[in-house]
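Structure first, then comments.
The values are calculated or read from the model by the stated rules, or taken from the named source; none is laboratory data. The structure presented is a predicted model; accordingly, all values stated were derived computationally and were not measured. Please note: Cβ atoms are built from the backbone with ideal geometry, for glycine as well, and neighbour counts cover all protein chains shown. For the accessible areas, the whole protein counts, side chains as well, though only heavy atoms, and no ligand, DNA or RNA atoms are used. Shrake-Rupley method; radii C 1.70, N 1.55, O 1.52, S 1.80 Å.
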Amino acid sequence: MSIQIFNTLTRTKEQLETIEPGKVRMYVCGPTVYNKAHIGHAMSALVFDVIRRYLEYRGFDVQFAMNFTDVDDKIIRRANEMGIDPFDLAEGYIQDFQKNMAELNIKPASFNPRASKEIDQIIAIVQGLIDKGAAYPLEGDVYFRVRNDPNYGKLSGRNLDDMRAGVRKEADDRKEDPMDFALWKSAKPGEPAWESPWGPGRPGWHIECSAMNYHYFGDSIDIHGGGNDLIFPHHENEIAQSELFTGKPFARYWVHNGMLQLRGEKMSKSLGNIISIDEFLTQHSADSFRYLILNSAYRNPIIFNDDVLMQAEKALDRVRFAFNPAVESAKGASDSVKQTLSEQINATRNGFINAMDDDFNSAGALGNIFELIRVINYSRDEGATQLELQPAQDLLMELTNVLGLTLADGSEKKQMAEADPFVQLLVDLRLELRKQKNWGLADQIRNQLFEKGVVLEDTKDGTTWHWDRRA
RNA sequence: GGCGACGUGGCCAAGUGGAUAAGGCAAGGGUCUGCAAAACCCUCACCAUCGGUUCGAAUCCGAUCGUCGCCUCCA
């Protein structure tokens, strides 16, 4: 039994063998904080949260780093437009982002390095690359010399000559090769800048990730993650910089999530089809988004629309229902039912692990969970006692926890809480009417509560009710 | 133009060579219920098309059609 993980570098599933047994060093590219985080960021964060949680479940000590790019052209431009300090702008969005992550039940990273705090490290690496002939200063900038790197293109499967066709002709002619990318950018007046051997400036985008990795993890890490839109050029460049600097392999496994599809296309600012995490959460639960991610393969694009979100909410209702206790009149299940239950517990535990071991096949894992749910509900109907149900529900709790589902009732319940005693009053009153077989009035109460978003369910042991916005 | 991914039932989506193609949502029938709701039981797929490899293919190969991503900042 071992974990298989798809490595973009080799385009195959490989057995996970970490540098240090039992320990995983994992780095995921975080956001550039110049705006509110959107649900595409959320997808990426959720994918790697699930991977991290599962690795921990399997006994690994996971050292998890996610950076913030807090020095960047876009941040500077936006701050100038707003007339505020770029670092204040960045700080605000970092706070926002971390609030969003908490709302989505994403575990905090072990480290959240920031580009602006790694300048010494960045300068040291840039200088090291210059010393090795891998980079060259040019009028206050420093560029990476792609032609010097025989391995350039190994992650994205491109070669420099193929790419040249796509390069814009009006590109900067000062560079030795159009594909050479900036490690250090000279500052214009009024821009944030740090002193460097090449004059005042700031780091390029790619170098910061190399520097932060080196700072926190040393020469090599186990897993490097990010969206598949980062494969080229960002991750390609990270590899080039880090490996030429250290002379060692940078990351063992490159893991990339697919893009969120909104109306059949990628969400992006130029298309104007952005949904922020804040906006999403005013309409839907965090669990529903997580379910969407879990119910598909992380490497594929995910379809996002109201339909699939509704389906997710309904599916989650089913999961929550399975935690309902045994009925009060339960007399104990038959031997065959008890056997079915105990067999399903084993089957689900094994099935879950087999699925997740296979490149984090969370959709397969969910399938196993729903089979357990079916058997739990069946056993309850067949008269299983709480004692008999408990082990199965414990496993259900354990596995949904690994996937990071909170199974909370949703925020509407909290908002409605103050109305709860009055609802209960009506429910109790209706129970009396039902005892008197006054069906007309009883139904009237049920229907009118339904219109107010309260769903009643009569059972042998009384009436239960819950808020349901969709009602 | 170059590189890559994908196309499984009404919808979402596992499965990537072998016996009946997971699971969820929706739908239809039934049990239960005063009636509902929920739950439970039952039903519902020749895996884009065509050709090839194989004893055997959704799964491998080729072609065609379609969708998407990257090649510029992007999770």
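Before moving on, here are some points about what is shown:
- Shape category assigned to the stretch A:411-467 from the gyration tensor of Cα positions, a/c cut at 1.5: prolate
- Rounded accessible area per residue of chain A, 1.4 Å, Å²: 47
- Shape of the stretch A:4-280, Cα gyration tensor, a/c cut at 1.5: rounded
- Neighbourhood charge, 11 Å Cβ-Cβ cut-off, centred on A:Ala330 and excluding it, Lys, Arg +1 and Asp, Glu -1: -2
- Chain A: DSSP helices with Cα axial extent of at least 24 Å and average Kyte-Doolittle hydropathy no lower than 0.0: A:39-57, A:362-381, A:386-403
- Across the stretch A:356-398, the residues whose backbone nitrogen lies under 17 Å from the label position 7 Å along the beta-carbon direction of A:Thr10 are A:358-360.
- For chain A, DSSP calls about 50 percent of its internal beta bridges antiparallel.
- Kirkwood-Stokes translational diffusion coefficient of the stretch A:224-341, alpha-carbon pairs, 20 °C, 1.002 mPa s, µm²/s: 116
- Estimated purely from DSSP H runs of n ≥ 4, each contributing -39500 (n - 2.57), the mean residue ellipticity at 222 nm for chain A is -15000 deg cm²/dmol once divided by its residues.
- Neighbourhood charge, 14 Å Cβ-Cβ cut-off, centred on A:Glu388 and excluding it, Lys, Arg +1 and Asp, Glu -1: -2
- Residues whose amide H lies under 5 Å from that of A:Ala135, counting only those 5 or more places away or on a different chain, are A:Ile130, A:Arg145; hydrogens are built 1.01 Å from N in the peptide plane.
- Under the convention that each Lys and Arg Cβ holds +1 and each Asp and Glu Cβ holds -1, the size of the dipole of the stretch A:21-139 around its Cα centre is about 600 debye.
- Accessible surface of chain A, 1.4 Å probe: 50 percent of it comes from carbon and sulfur atoms.
- Chain A - Rg and Dmax from Cα coordinates, angstrom: 27.1, 92
- Taken about its Cα centre, the stretch A:306-403 carries a charge dipole of about 300 debye when Lys and Arg each add +1 at the Cβ and Asp and Glu each add -1 at the Cβ.
- Cα lying deepest toward the dipole's positive end in the stretch A:170-222, options A:Ser210, A:Gly190, A:Ser220, charges on Cβ: A:Gly190
- Net charge over other residues, Cβ less than 9 angstrom from the Cβ of A:Leu403 (K, R count +1; D, E count -1): +2
- Considering only A:Ala322, A:Gly332, A:Leu395, and ranking their Cα positions along the charge dipole of the stretch A:306-403 that arises from unit charges at the beta-carbon of Lys, Arg, Asp and Glu, the one farthest toward the positive end is A:Gly332.
- Cα centre as origin, Lys/Arg/Asp/Glu Cβ charges: the stretch A:60-105 dipole, Debye: 120
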